[in-house]
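Down below is the structure, laid out as structure tokens.
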Amino acid sequence: MGIRKFKIFLFQNLTSIAIVAGMTTSKNTQRTKFIFVTGGVLSSLGKGLAAAAIGALLESRGLSVTFQKLDPYINVDPGTMNPFQHGEVFVTDDGAETDLDMGHYERYTNAVMSQKNNYTTGRIYHSVISKERRGEYLGGTVQVIPHITDEIKAAVLQLDGTADVAIIEIGGTVGDIEGLPFIEAIRQLRVDLGRGYALYIHLTLVPYIKAAGEVKTKPTQHSVRKLQADGIQPDILVCRTEVPIDDSLKDKMALFCNVPKDAVITAIDVDTIYEVPLHFHQEGLDSKILELLNVWTGSPDIRPWVNLVNKIKNPKHSVNIAITGKYIDLTESYKSLHEALVHGGIANETRVNLHYISAEDLEESGAEELLSKCDGILVPGGFGQRGAEGKIKAINYARVNKIPFFGICLGMQLAVVEYSRNVVKLTKANSTEFVSTTPDPVIYLIKEWYDYRNEIIQTRDENADFGGTLRLGAYPCVLKENTLASAAYKTDEISERHRHRYEFNNAYREQLEENGMVVSGASPDNNLVEIVELEDHPWFLGCQFHPEFKSKPMTPHPLFRDFIKAALENSKK
Ligand code: GLN
């Protein structure tokens, strides 16, 4: 048996836990192996998904994984960025406002993301400039190389020892000026870490030119050449394509891009994003990665992914869900929400058809026309006055017509406003976010609250920085028995992630409860109202947190599961 065959034999037959074979050079004392994922040709090729899918495959082979995204933009974090431009801001347990790729990483694997898993150019420079001001560079001239690149390397190396494999995704496209320090840092890291401890995967596009009836490899060749000019020879190419790529094209790319043919992996468009790990596996991507990283494991258990994809592709039922929000033009703005609804569908063997309805349109036309075709109505999180009255109209329609309703964050706050106005008859009730002088501020800026995660008393001030006043990250919530919430979670205490400034005003709690609103979840000190619902309704629930951040395809979130279930029951009426 040749060495190669012997290796394959071992890959297929070792079923025990992963054996990570270390290199023998003395400088390699670290445990974690690093995979760097770059992107070429153009953006939006799905680098984040590719990284997440690689993570899923490595986990299915018994390895532990972690991730990091390095974003070349200058904002310190995406917290203040417009979701139109940047897509969703994903929130972690520790309260980091991060890139939406963190969401993919968590949904595909068991990795838990935090502050240290997402860095931007802004954050790196912020740290270097603070050190310079403190005199830490001892009077030296502070430069991109080595100071910025060292700071990037230190950020990456924080992950050393936290998992068997760390997958580091470089945002943007090779050739971008702003991405250069990151590319340089990962080039140096291969030298520092040694071969077998660092691997470069380059994701490119192989476009199909209709007029010629051909797929073209030139953009890939150019992008690899640019990477080579920056000092990086990719080990593996992952080629996004609409049509199957034949062997001769793989040969060509292997030849021109200086990689072995079995390291040219095609990533053809798939029906559901959860098929990507299976497709990569068929292409041999996981075996190739392990071979190059010198890691031996058993063969992967991909059955959960096969089952999942089967369920998604063969639903028994379907429901129509209306989402009334401000950022309806881009599904990227509500990425996790969109996925969590799909997961809720998986749990009910149901295809979930999403209908994004502009809240502003609802203000003008009659709500009925737009909403009447839907089996469930969801009002997601949001900031700012625009469309607020339209969302309130949608909530009113759901409440009065007994259509399953799910309000998330702003959606919950507006459900409280709607109920106060139309049931409690506080006709001018509002959130102070929209009308600071409202006579009935049912949602307001709470002055003081106990912060369970940081174990301190927090104070809120109207004049503080916008970012500074947000309640961010995971907080505990105690559930009330015999409610929709406790039926869903089947436990009495939960932890969910938050991102908001305003809170339910306890001055109105008794009045709302007397009029039939149920507070089914609150902070352990009972000060912060976290979930409200209605008794006389098939399924009406609003939560102050964002449950979508914790939903995964393999473990759909209980609230999304039950909301889709209620919508499905409604669709049969
Ligand atoms: N704008 C509201 C607040 O700041 C809700 C935020 C959200 O929905 N994430 O409290």
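Condition first: over 22 Å from Ala522 (Cβ atoms), open to solvent by 10 Å² or more (accessible area, probe 1.4 Å), within 16 Å of the ligand (Cβ to nearest atom) and in contact (Cβ under 8 Å) with a residue 12 or more places away in the chain. Can you find one or more residues in the range 434-443 that meet it? Even if it seems obvious, please write down each step before you answer.
Restricting attention to the range 434-443, the residues satisfying the condition of being over 22 Å from Ala522 (Cβ atoms) are 434-439.
Then keep just the ones that are open to solvent by 10 Å² or more (accessible area, probe 1.4 Å); that gives 434-439.
Of the ones still in play, those that are also within 16 Å of the ligand (Cβ to nearest atom) are 434-436, 438.
Filter once more, so that each one left must be in contact (Cβ under 8 Å) with a residue 12 or more places away in the chain: 434.
Within the range 434-443 (the criterion being over 22 Å from Ala522 (Cβ atoms), open to solvent by 10 Å² or more (accessible area, probe 1.4 Å), within 16 Å of the ligand (Cβ to nearest atom) and in contact (Cβ under 8 Å) with a residue 12 or more places away in the chain), the answer is yes, since at least one residue qualifies.
Specify which of the listed residues (Arg225, Arg195, Arg187) is touching a Gly at 6+ places or on another chain (Cβ under 6 Å) and open to solvent by 40 Å² or more (accessible area, probe 1.4 Å). It would help to see each step written out before you state the result.
On the way: Arg225 fails: touching a Gly at 6+ places or on another chain (Cβ under 6 Å); Arg195 fails: touching a Gly at 6+ places or on another chain (Cβ under 6 Å).
Exactly one residue qualifies, and that residue is Arg187.
The residues in the range 490-527 that are of a type outside the set (Lys, Arg), over 26 Å from the mean Cα position of the chain (by Cα) and closer than 21 Å to Arg421 by Cα can be counted, and the count is 16. Screening Ile377 on (1) surrounded by 24 or more Cβ atoms within 10 Å (Cβ to Cβ); (2) in a helix (DSSP H, G or I) shows it passes everything except condition (2).
Just to be sure before I move on: is Tyr125 more than 12 Å from the chain's Cα centre (by Cα), at pLDDT 95 or above and either closer than 24 Å to Ser333 by Cβ or not in a helix (DSSP H, G or I) (or both) in the structure I sent? Break it down stepwise before answering.
Numbers: more than 12 Å from the chain's Cα centre (by Cα): yes; at pLDDT 95 or above: yes; either closer than 24 Å to Ser333 by Cβ or not in a helix (DSSP H, G or I) (or both): no.
When the stated conditions are applied, Tyr125 does not pass them.
The numbered conditions (1) open to solvent by less than 10 Å² (accessible area, probe 1.4 Å); (2) away from the ligand (no atom under 16 Å from the Cβ); (3) not acidic (Asp, Glu) are all true for Val416 except (2).
Against the list (1) of a type in the set (S, T, N, Q); (2) surrounded by 24 or more Cβ atoms within 10 Å (Cβ to Cβ); (3) over 28 Å from Val191 (Cα atoms), the condition Thr92 fails is (2). Taking first residues from the range 390-408 that are outside any loop (DSSP other than H, G, I, E, B) and partners that are polar (S, T, N, Q), the Cβ contacts under 7 Å between residues at least 6 apart in sequence or on separate chains come to Gly390/Thr324; Lys391/Thr324; Ala394/Thr324; Asn396/Asn422.
If only residues of the range 101-154 that are surrounded by 21 or more Cβ atoms within 10 Å (Cβ to Cβ) and among the polar types (S, T, N, Q) are counted, the one that is farthest from Ser44 (Cα to Cα) is Thr149.
The condition of being among the aliphatic types (A, V, I, L, M), outside any helix (DSSP H, G or I), farther than 20 Å from Gly39 by Cβ and open to solvent by less than 10 Å² (accessible area, probe 1.4 Å) holds for only one of Leu70, Leu63, that being Leu63.
Yes/no matrix, rows are residues, columns are (1) open to solvent by 10 Å² or more (accessible area, probe 1.4 Å); (2) within 16 Å of the ligand (Cβ to nearest atom):
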position	(1), (2)
Asn310	yes, no
Val342	yes, no
Glu363	yes, no
Arg386	yes, yes
Ile395	no, yes
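Could you tell me whether the range 22-45 includes any residue that is in contact with a helix residue (DSSP H, G or I) (Cβ under 8 Å, 6 or more places away or on another chain), within 24 Å of Arg499 (Cα to Cα) and at pLDDT 85 or above? No, because not a single residue in the range 22-45 is in contact with a helix residue (DSSP H, G or I) (Cβ under 8 Å, 6 or more places away or on another chain), within 24 Å of Arg499 (Cα to Cα) and at pLDDT 85 or above.
Can you pull out the residues in the range 478-500 that are within 16 Å of the ligand (Cβ to nearest atom) and either open to solvent by less than 30 Å² (accessible area, probe 1.4 Å) or aliphatic (A, V, I, L, M) (or both)? It would help to see each step written out before you state the result.
From the range 478-500, those within 16 Å of the ligand (Cβ to nearest atom) are 496-500; that's our starting set.
Answer for the range 478-500, where residues must be within 16 Å of the ligand (Cβ to nearest atom) and either open to solvent by less than 30 Å² (accessible area, probe 1.4 Å) or aliphatic (A, V, I, L, M) (or both): Glu496, Arg497, His498, His500.
Give, as residue ranges, the strands (runs of 3 or more DSSP E) completely inside the range 455-573 that count at least 1 residues that are within 29 Å of His317 (Cα to Cα) and either in contact with a strand residue (DSSP E or B) (Cβ under 8 Å, 6 or more places away or on another chain) or modelled with pLDDT under 95 (or both).
Values: elements: 456-459, 471-479, 493-500, 517-522, 529-534, 540-543.
In the range 455-573, the matching strands (runs of 3 or more DSSP E) lie at 529-534, 540-543.
From the list Pro556, Pro538, Pro524, exactly one residue is under 30 Å from Trp305 (Cα atoms) and either open to solvent by 10 Å² or more (accessible area, probe 1.4 Å) or in contact with an Asp or Glu (Cβ under 9 Å, 6 or more places away or on another chain) (or both). Which is it? First the steps, then the outcome.
Working: Pro538 fails: under 30 Å from Trp305 (Cα atoms); Pro524 fails: under 30 Å from Trp305 (Cα atoms).
None of the others qualify; the one that does is Pro556.
Given Phe545, Phe504, Phe540, which one is more than 16 Å from the ligand (Cβ to nearest atom) and touching a residue at least 60 places away in the same chain (Cβ under 8 Å)?
Working: Phe545 fails: more than 16 Å from the ligand (Cβ to nearest atom); Phe504 fails: more than 16 Å from the ligand (Cβ to nearest atom).
Exactly one residue qualifies, and that residue is Phe540.
Within the range 341-356, work out how many residues are of a type outside the set (D, E, K, R) and not in a helix (DSSP H, G or I). Steps first, please.
First pass over the range 341-356, keeping only residues of a type outside the set (D, E, K, R): 341-348, 350, 352-356.
If we keep only those that are not in a helix (DSSP H, G or I) as well, we get 348, 350, 352-356.
Qualifying residue count, the range 341-356: 7.
Tallying residues that are in a helix (DSSP H, G or I) and touching a strand residue (DSSP E or B) at 6+ places or on another chain (Cβ under 7 Å) within the range 357-372 yields 4.
Starting from residues that are open to solvent by less than 10 Å² (accessible area, probe 1.4 Å) and in a loop (DSSP other than H, G, I, E, B), keep the ones in the range 285-302 and report whichever is nearest to Ala198 (Cα to Cα). Among those residues, the one meeting the criterion is Thr297. If you go through the range 312-335 and keep only what is modelled with pLDDT under 95, assigned to a helix (DSSP H, G or I) and open to solvent by less than 40 Å² (accessible area, probe 1.4 Å), you end up with Ser333, Tyr334, Lys335.
Scanning the range 48-60 for residues that are surrounded by fewer than 24 Cβ atoms within 10 Å (Cβ to Cβ) and out of contact with any Asp or Glu (no Cβ under 6 Å at 6 or more places or on another chain) yields a count of 2.
Count of the range 155-184 residues, restricted to those that are open to solvent by 30 Å² or more (accessible area, probe 1.4 Å), assigned to a loop (DSSP other than H, G, I, E, B) and among the acidic types (Asp, Glu), is 2.
Of the residues making up the range 340-373, those that are at pLDDT 90 or above, farther than 14 Å from Phe563 by Cβ and in contact with a Ser or Thr (Cβ under 8 Å, 6 or more places away or on another chain) number 2.
The values are calculated or read from the model by the stated rules, or taken from the named source; none is laboratory data. As the structure is a prediction and not an experimental result, all values here were calculated from the model. Cβ: placed from backbone, ideal geometry, glycine included. Neighbour counts: every protein chain shown. Heavy atoms of the whole protein, side chains included, go into the accessibility calculation; ligands, DNA and RNA do not. Shrake-Rupley method; radii C 1.70, N 1.55, O 1.52, S 1.80 Å.
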